[in-house]
Amino acid sequence: MAGGAGERFWPLSRKRKPKQLLKLTNPDKSMLQEAIDRISPVIAPDNIFVVTSELLQGVIRDEIQGLPSENVIAEPSKRNTAGCIALAAAFIAERMRDAGATTADISMAVLTADHHISDEERFRQTVQAALAHAEQGRDLVTLGIRPKRAATEYGYVEYRSDNGSSKPLQALPVLRFCEKPDLATAERFLAAGNFLWNSGMFFWRLDTLQRALTEQLPEIGSKINDLRQGLQGCTRQVHPGPPVGIDKVFSAFPDISIDYGLMEKASEVAVIPASFGWDDVGSLDSLARTHPPDKQGNVASGAAVLLDSNSNIVVNTSPDGEKVVAVIGMDDVAIINTENALLVCPRSRLQEVKQAVKTVREHFGEGFV
């Protein structure tokens with residue numbers, strides 16, 4: 001999934017080049033390229049599909065290496081992750097039908113383009129374990145990250161652990177999904193020991209997904225076959241925009257996430273506790289966790305000078321010699337300088353950047369977002 005606008009990364013992230021196309025965690029690769037390269041030893045590039053917006057489809061085809069152009073699919077409209085996944089499932093089912101595969105023969109991994117993962121080999125082992133479990137029966141499978149702190153920016157998954165321990169890469173029954181908690185609740189989750197961060201990665205057989213969606217979210221699940229009908233004979237074509245024949249069906253989908261629409265309601269859900277070094281790179285503050293700090297705890301990129309300053313995030317995208325950013329006597333602040341926008345914000349309020357984007361758009365127009 002790579003259709004998000006990444007507004008919490010503004011002003012680095014823009015609508016025509018959002019965070020998944022930026023080199024945020026690797027100086028040589030965009031986050032989307034990293035995601036594709038990370039999974040390609042397990043899943044062949046011909047079987048890797050990117051679902052994105054029509055605005056980004058051409059950019060992704062031009063910038064991403066090693067992926068067939070016809071595998072970059074544009075959504076007809078924004079319908080959140082449930083609609084995105086249903087479109088991908090229908091597209092994959094039609095592609096594989098030509099090879100004689102049924103939905104019971106096809107396993108699907110749902111990954112996102114904005115995760116930072118440090119131990120890639122361990123990640124691939126975990127993905128293989130999740131797919132193997134999903135292929136055995138009716139479970140919808142997710143990955144949960146062992147929490148290292150009482151984080152309030154992530155949702156949580158509570159799992160059943162009868163003896164307080166589990167084998168490595170074992171799938172465990174999910175008791176419930178929990179929304180992003182306040183600090184006191186997050187601390188309680190951390191102390192309990194059987195709560196994991198919700199990674200937003202999912203694994204299932206296609207027949208399992210379609211059956212579960214039809215039961216829990218029939219407005220989408222019951223229409224997957226209609227999507228397939230509109231995709232017949234065209235999944236090997238390079239479409240300039242969304243595939244023809246699916247707009248009416250897709251645009252009628254409700255705007256709902258796969259978490260709310262399916263995972264929180266389904267009864268047969270399993271989670272694999274994962275430990276491969278993970279961050280969802282959800283906001284600018286994540287740069288402090290994915291980049292090495294200096295002795296004062298500052299993370300700086302580009303031409304920047306920091307004096308008597310601690311625990312700041314400074315990103316200056318100006319070409320060398322054009323502009324320098326100097327910071328004096330400031331702590332716990334983010335300063336992001338780009339060609340036509342500057343953000344200065346306490347790190348504690350970086351979750352409010354989307355509101356700034358909305359206000360900038362209203363007052364100054366789309367050219368600044």
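The values are calculated or read from the model by the stated rules, or taken from the named source; none is laboratory data. As the structure is a prediction and not an experimental result, all values here were calculated from the model. Because the Cβ atoms are built from the backbone with ideal geometry, glycine has one as well, and the counts that use them run over all protein chains shown.
Quick notes
- All of Ala326, Ala356 fail the test of being more than 17 Å from Ser13 (Cβ to Cβ), among the small types (Gly, Ala, Ser) and at pLDDT 95 or above, apart from Ala326.
- Those residues of segment 1-19 which are within 14 Å of the chain's Cα centre (by Cα) and closer than 17 Å to Thr338 by Cβ, in sequence order: Ala5, Gly6, Glu7, Arg8, Phe9, Pro18, Lys19
- Residues that are acidic (Asp, Glu), in a loop (DSSP other than H, G, I, E, B) and either farther than 30 Å from Trp204 by Cα or in contact with a strand residue (DSSP E or B) (Cβ under 6 Å, 6 or more places away or on another chain) (or both) are absent from segment 273-290 altogether.
- Failed item in (1) closer than 30 Å to Trp10 by Cα; (2) in a strand (DSSP E or B), with Ala186 passing the rest: (2)
Residues checked against (1) of a type in the set (A, V, I, L, M); (2) assigned by TED's automatic domain parsing to the domain that holds Glu219; (3) buried (at least 19 other Cβ atoms within 10 Å of the Cβ); (4) farther than 20 Å from Gln351 by Cα:
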{"site": "Leu262", "(1), (2), (3), (4)": "yes, yes, yes, yes"}
{"site": "Val269", "(1), (2), (3), (4)": "yes, yes, yes, yes"}
{"site": "Asp294", "(1), (2), (3), (4)": "no, no, no, yes"}
{"site": "Gly302", "(1), (2), (3), (4)": "no, no, no, yes"}
{"site": "Leu306", "(1), (2), (3), (4)": "yes, no, yes, yes"}
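- Residue count for segment 132-154, restricted to those that are surrounded by fewer than 18 Cβ atoms within 10 Å (Cβ to Cβ) and either farther than 30 Å from Thr102 by Cα or modelled with pLDDT under 95 (or both): 11
- Where a residue in segment 231-251 is free of Cβ contacts under 8 Å to residues at least 40 places away in the same chain and its partner, wherever it lies, is of a type in the set (Asp, Glu) and surrounded by 11 or more Cβ atoms within 10 Å (Cβ to Cβ), with Cβ under 8 Å and at least six apart: Val249/Asp226
- Residue within segment 56-66 that is over 27 Å from Arg122 (Cα atoms), outside any helix (DSSP H, G or I), of a type outside the set (Val, Ile, Thr) and within 19 Å of the chain's Cα centre (by Cα) present: no
- None of Val305, Val327, Val249, Val238 is in a helix (DSSP H, G or I), over 24 Å from the mean Cα position of the chain (by Cα) and among the hydrophobic types (A, V, I, L, M, F, W, C) except Val249.
- Cβ-Cβ under 6 Å pairs, at least 6 apart or on other chains, segment 9-34 side of a type in the set (D, E, K, R), far side outside any loop (DSSP other than H, G, I, E, B): Lys19/Phe9
- Count - residues of segment 3-36 that are among the hydroxyl-bearing types (Ser, Thr, Tyr) and farther than 15 Å from Val315 by Cβ: 1
- Residue check: Lys167 meets all listed conditions (1) surrounded by fewer than 19 Cβ atoms within 10 Å (Cβ to Cβ); (2) among the charged types (D, E, K, R); (3) within 22 Å of the chain's Cα centre (by Cα) but one, namely (3).
- Filtered by the rule that a residue be farther than 16 Å from Gly282 by Cβ, surrounded by 15 or more Cβ atoms within 10 Å (Cβ to Cβ) and of a type in the set (D, E, K, R), segment 333-369 gives a lone residue, Arg361.
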